[in-house]
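Reading through the structure tokens given below for one structure.
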Amino acid sequence: MAKKCDLLQGTLDMLVLRVLSRGELHGWGIIQKLEQLSQRALQVEEGSLYPALYRMEEKGWIEAEWKVTENNRRAKYYTLTRAGRKQLETEQAGWDRMTAIIAQVMQSA
Amino acid sequence: MAEEMRFHLEQRAADLAADGVPGEEAHRAAQRRFGNLGSIQERARDTRGWCGLERACKDFRGALHQLARAPGFTVLAIGTLGLGIGANTAMFSVLNGILLKPLPYADSAQLDRLYRATAQQADGHFSPADWRDFQRARASYGDAAAYAAGHTSLSDPGQPAEMAYAGRSSLNLFSLLGIAPQLGRDFRPGEDTPGRDRVVILSQRTWTNRFGGRPDVIGRTLRIDGEPHQIIGVLPAAFNDWRHLGMVDFFRPLAFTPEQATDRLGTSLRVIVRRTPAHSRAETAGFIAGFGTRLAAEFPAANAGSTWRMVSLQTTVVDRQGPVMMKMLIGLSGFVLLIACSNLANLYLARTMARAREFAVRAALGASRAQLLRPLIAESLLLSLAGGACALILALWFRDWSAVRSTGENGEQVFFALDGRVLGWTFAASLVTALAFGLAPALFALRLDLNTTLKSGGRGATGGRAHQHFGRSLIIGQFALAMILLAGAGVFIRGLHDLNHRRTGWESERLLTGTLLLPAAPYAGPEEISAFHRLALERLSALPGVASASLSAFTPLLNWPDTRRFHVEGRERPPAGHEPAAAVNPVSHHYFDTFGTRLLAGRPFLDRDRAGAPRVYVISQSAARSLFGTANPIGRRLAPVAGDNLVWGQIVGVVSDVRSIESETGPVALQIYQPMAQDPQRRNELAVRTTGLAPSSLVDRIRTTMAELDPDLPVRRLQTADAAVARANYQLSVLRDILAAMALLGLGLAALGIYGIMARTMAQRTDEFAIRLALGATIENVTRMVLAAGVKLALTGSVLGLLGAFGVSHLIASSFPGMPVHGTGVLIGTTLLLIAIALFACWLPARRAGQVDAIAVLRAE
């Protein structure tokens, strides 16, 4: 298990969008997925996740729908919208550029 | 949302349970991990769009709570807003009702009034011959209609005779205005010839009041001036619009006898034109002016020196004083609002200062600027809504008052409807006011330095020097405005009082006046009229308690509108149209005794000055001076200008000048009297001077006497001369009442303002006073200090306001040339009054300075 690490400021939206780009998930599922993908290195606070979800829903990046889970519970599933996909691309590009620049500075300095 | 989060929690718990954590434990751990459910939900909610509404509701609930916790502030603020905006709304409804609301005619922008200006009268009217010439000449410049209005008597058998205000119009008046009768028909061609003109169209008001709005009224007869007329139509309610012809009870067609049709001297026709789009407004106006010039050249005897002009119909709804009155009303009500605003600002400032510590603490705990501002804005909005509602109530009340106050003799009312425009104005004004004066201090508060406020403990609420300066300049401004308001109202009240009590050349004690109109049918010629006059005066003079009675064409109360030109014997004749003009009043022979007009030389009219006797005149003092200088006028001869056959009459007496109580006229015109018997009039002013008895007790006896003479003859407006005077200037007295109310309002608000700020200063300086007292200052010293500070503010404001007050009294003097204006006295009085009020308002809190218990206050430190 990797060392636990706080989420970098402003990256939660991108991560959530990215996770959702693979298919619909509920809030719990998103957290599970994030932890799983980061090999439990990333700890996402519920207190940050839900406000972020509602905010993105409000902006039209994701859509929510009440569905029944595999073990017969009602849960709210989120899917990416077209606008969300675009937003993900923008954020991804921004992120790539940023990390590249930072990496370059760190290496050459 | 809650369900979604519950699902999450349960999943987590299940997850933990799967890891081997026992059920109860797992739940708690899940809770721990999740954090505060409520706070997360709240934060989540914040990100949603509709939360704006929810948050606004919360803000408003909070604001309500805050306002309820400070009832004094709330009541004062709402009351101040309500009064200030209410005064403004009421005045705006007047402006709206008079000037902004379009006239109820079709395409009224194309409608214009024509006026004929002469040296005596700027807004004069037209003679039948001029009107007929104009009808022939106007050709392609559009359509024109003429009308005249006057008093007639209505006498249905078995009902007491009444006077009615009746119009006569050209056949096309209603079609030109674009108004069709709601019942029956319009006039038909041919009904403008004498004999066929006994048809009448009723106004909606007359139809309702006199005929109960019954539809079978068409075809019935109405006896007007003793002649039966057939009712052919009823005008729609829109025609009741008081701004124009709405006060007319009914219309008959204008029908000229051949003799009347060629008359160029009697100018009673009003003319309205509807322009055609074929010509521009300027072209039409040019044509009208040119036509007037042509008439003046062609008929100098009647028209020399007269000019024609065209004025948009919409602007003619008010007389010439109207716009000035409107500006005064709107301007002064604006001042009231400004005073109210600055009061509000002071109130708000005080409240925000008092809460400064609370804001500082909240800001220190991380509240954002927006979070601090929102409740303040919510409070302002609530206050403005409540204030606006109060203002509406005030405006409604004013509407009812003005309707009652303006009720005329025929039951007509001037009604200022509160339409959408007025409502919009009210709430826009209250919103702007509350936001501008609620937000400004709020912003002020947010500029406070947190540290200073927190450090200075409970006393941090005093605010900085700048705040105190701000509050004081508001008070100075208030007093300046109050000064202008008070001075304006004062000058006007005093002026109107003097005007109403001006009796130049006559006396009003023990005097009764009334109007009567002899119908043409039974009183066809001069002999019949004179016979009635003699009989009526004989009977009236014989009544017990009557000192003398007279009949005349005019009374000294009002201006005499008719002027005639005269030749003076033994003088070179000036070119036609430039002879001296004088107002002529035909009077019965006891007229001068009855009105108390003093005879200065010669003799009054006597019983022997009858129709067949040599013509005689009595002239006024200024006429004598103007026509004959210092020479003796008695025995000189005058002749009215009329073609070549001059009829000379001898001047037998000189009487003092008479000045009316109207506000418009400036200098006194030349006045000439002639015996009523030598120029009998159908329209008469009756005057009775009583001996000692209270004149009003004679009213019924005079009515009975006249009814015995002719039951069809109504005597209108039979009342004491003093009451008639008050009635004559009643429009001005409405204005006076409004001005007085606004001045009182302004004064009250200003007093409240200075009281508030002094009371606050007192509360803030208690410690200082305690120290002063402890160090040996006497209570008088401290009280005087407080008083001096307040009076200084009031005095500064009043002196600044004096400048504006001079302006207002100038404005009044120039718009009401007939009104005596005593600026200086009123201004001095006003200043003293303001200082006195300020002293009193400061004394109330200053009194408390003496009650400061130095030991207790200092120990509390």
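When only alpha carbons are used to place a centre, the range B:564-599 and the range B:606-665 end up 4 Å from one another. If you take the Cα centroid of the range B:101-147 and the Cα centroid of the range B:819-844, the two points sit 49 Å apart. For the range A:36-41, putting each phi into the Karplus relation 6.51 cos²θ - 1.76 cosθ + 1.60 with θ = phi - 60° gives couplings of 5, 5, 8, 6, 6, 7 Hz, in residue order, rounded to whole numbers and with x for Gly and Pro. Extending 7 Å from Cα along the Cβ direction at B:Gln182 and again at B:Ala520 yields two label points whose distance is 3.1 nm.
The C-alpha atoms of the range B:244-363 occupy a region whose extents along the principal axes are 93, 36, 29 Å, arranged from largest to smallest.
Rounded to whole Å and ordered largest first, report the semi-axes of the equivalent ellipsoid of chain B derived from its Cα gyration tensor (root of 5λ).
Details: eigenvalues 999, 271, 116 Å².
Semi-axis lengths for chain B are 71, 37, 24 Å.
Averaged over peptide B:32-41, the number of partner chain Cβ atoms lying within 10 Å of each residue's Cβ comes to 3.
Close amide H partners of A:Tyr77, meaning residues 5 or more places away or on another chain with modelled amide H under 5 Å apart, are A:Glu65, A:Trp66, A:Lys67.
Need one value for B:617-625: mean number of C-beta atoms belonging to other chains within 10 Å of its residues' C-beta atoms. All intermediate terms of the calculation are to be shown ahead of the outcome.
Values: counts 0, 0, 0, 0, 0, 0, 0, 0, 0.
Counting other chains' Cβ atoms within 10 Å and averaging over B:617-625 gives 0.
Coupling constants for the range B:505-515 follow from the phi torsions by the Karplus curve (6.51 cos²θ - 1.76 cosθ + 1.60, θ = phi - 60°), and in residue order they are x, 7, 10, 10, 5, 6, 10, 10, 10, x, 10 Hz; glycine and proline get x.
Applying 1/(1 + (r/R0)^6) with R0 = 56 Å to the Cβ-Cβ distance of A:Glu65 and B:Ala139 gives a FRET efficiency near 0.10. Please state, as a whole number in µm²/s, the translational diffusion coefficient that the Stokes-Einstein equation yields for the range B:138-253 at 20 °C and 1.002 mPa s, with Rh defined as the Kirkwood radius across alpha carbon pairs. In µm²/s, the coefficient is 148. The H on the amide N of B:Leu600, modeled in the peptide plane, is under 5 Å from the matching H of B:Val654, B:Val655, B:Ser656, each at least 5 residues off or on a different chain. Per-residue extension of 0.36 nm, minus the Cα-Cα distance of B:Glu572 and B:Leu646, leaves a gain of 25.2 nm for this segment. For the range B:124-317, the Cβ-based charge dipole about the Cα centre amounts to some 400 debye (Lys, Arg positive; Asp, Glu negative; other atoms uncharged).
In terms of its C-alpha gyration tensor, the range B:231-297 has an oblate overall shape, because the principal axis ratio a/c (a ≥ b ≥ c, square roots of the eigenvalues) is not below 1.5 and a/b does not outweigh b/c.
Shape of the range B:2-47 from its Cα gyration tensor (a ≥ b ≥ c, root eigenvalues): rounded if a/c is under 1.5, otherwise prolate when a/b > b/c, or oblate?
Details: a/c = 3.63, a/b = 2.42, b/c = 1.50.
It is prolate, given that a/c is not under 1.5 and a/b is the larger ratio.
So what is the calculated 222 nm ellipticity per residue for the protein assembly as shown, using -39500 (n - 2.57) for each DSSP H run with n of 4 or more, over all residues, to the nearest 500 deg cm²/dmol? The partial results should precede the final answer.
Working: 31 runs with 506 residues, N = 970.
Rounded to the nearest 500, the figure is -17500 deg cm²/dmol.
What FRET efficiency do you get for B:Glu768 and B:Arg69 if R0 is 51 Å and r is their Cβ-Cβ distance, rounded to the nearest 0.05?
0.95
Work out the mean other chain Cβ neighbour count within 10 Å for the residues of B:4-14 and drop it here as an integer. Each step should come with its number before you reach the end.
On the way: counts 10, 5, 0, 8, 11, 2, 2, 10, 4, 0, 3.
For peptide B:4-14, the averaged partner shielding equals 5.
Can you work out the PRE-style zone for A:Ser48? Point 7 Å along Cα to Cβ, and I want the residues of the range B:1-33 with backbone N under 17 Å. Counting only backbone N, you get B:33.
Calculated on the Cα set of the range B:546-661, radius of gyration then Dmax: 14.3, 48 Å.
Please give, to one decimal in nm, the separation of the simple spin-label points placed at B:Trp397 and B:Leu37, each 7 Å out from Cα toward the Cβ. Going from the B:Trp397 label point to the B:Leu37 one covers 5.4 nm.
Using R0 = 35 Å, the C-beta based FRET efficiency linking B:Asp419 and B:Val311 works out to 0.85. Once you keep just the Cα pairs under 8 angstrom separated by 6 or more residues, what percentage relative contact order results for the range B:523-709? Once normalised by length, the contact order is 33 percent. Taken over the alpha carbons of the protein assembly as shown as equal point scatterers, the Debye sum produces base-10 log I(q)/I(0) values at 0.06, 0.09 Å⁻¹ of -0.69, -1.07. Summarising the amide proton neighbourhood of B:Gly142: residues at separation of 5 or more, or on other chains, whose placed amide H is nearer than 5 Å comprise B:Thr276. Scalar couplings 3J(HN,Hα) for the range B:135-152, obtained by applying the Karplus form with A = 6.51, B = -1.76, C = 1.60 to θ = phi - 60°, are 4, 6, 8, 5, 6, 8, 8, x, 9, 9, 9, 10, 8, 9, 9, x, 8, 9 Hz; x denotes Gly and Pro. DSSP finds beta bridges in chain B, and of those with both partners inside it, around 80 percent are antiparallel.
Sorted by mean Cβ packing within 10 Å, highest first, what order do the peptides B:255-267, B:670-682 take?
Details: B:255-267: 14.5, B:670-682: 22.3.
Put in order of decreasing packing, that is B:670-682, B:255-267.
Total Lys pairs in the protein assembly as shown closer than 21 Å by alpha-carbon, pairs eight or more apart in sequence or interchain only? Could the numbers behind the result be given before it?
Working: A:Lys3/A:Lys33; A:Lys4/A:Lys33; A:Lys33/A:Lys67; A:Lys33/A:Lys76; A:Lys59/A:Lys76; A:Lys59/A:Lys86; A:Lys67/A:Lys76; B:Lys101/B:Lys327.
Close lysine pairs found across the protein assembly as shown: 8.
Going by average Cβ neighbours within 10 Å, how do the peptides B:324-335, B:790-801 rank, with the highest at the top? Write out the running numbers ahead of the final one.
Working: B:324-335: 19.1, B:790-801: 20.7.
The peptides rank, most packed first, as B:790-801, B:324-335.
Could you work out the relative contact order of the range B:270-319? I mean the mean sequence separation of Cα pairs under 8 Å and 6+ apart, divided by the number of residues, in percent.
Normalised by residue count, the contact order of the range B:270-319 is 30 percent.
Entry note: chain A has Rg to Rh equal to 1.02, where both radii use alpha-carbon atoms and Rh is the Kirkwood radius.
Spin-label model, B:Thr193/B:Thr293: points 7 Å from Cα along the beta carbon direction are separated by 3.9 nm.
Read the figures in this text as sums done on the coordinates, not as results from a lab. In this text the structure is predicted, and so the values were computed from the model without any measurement. Note that we place each Cβ from the backbone using ideal geometry, even for glycine, and neighbour counts take in every protein chain shown.
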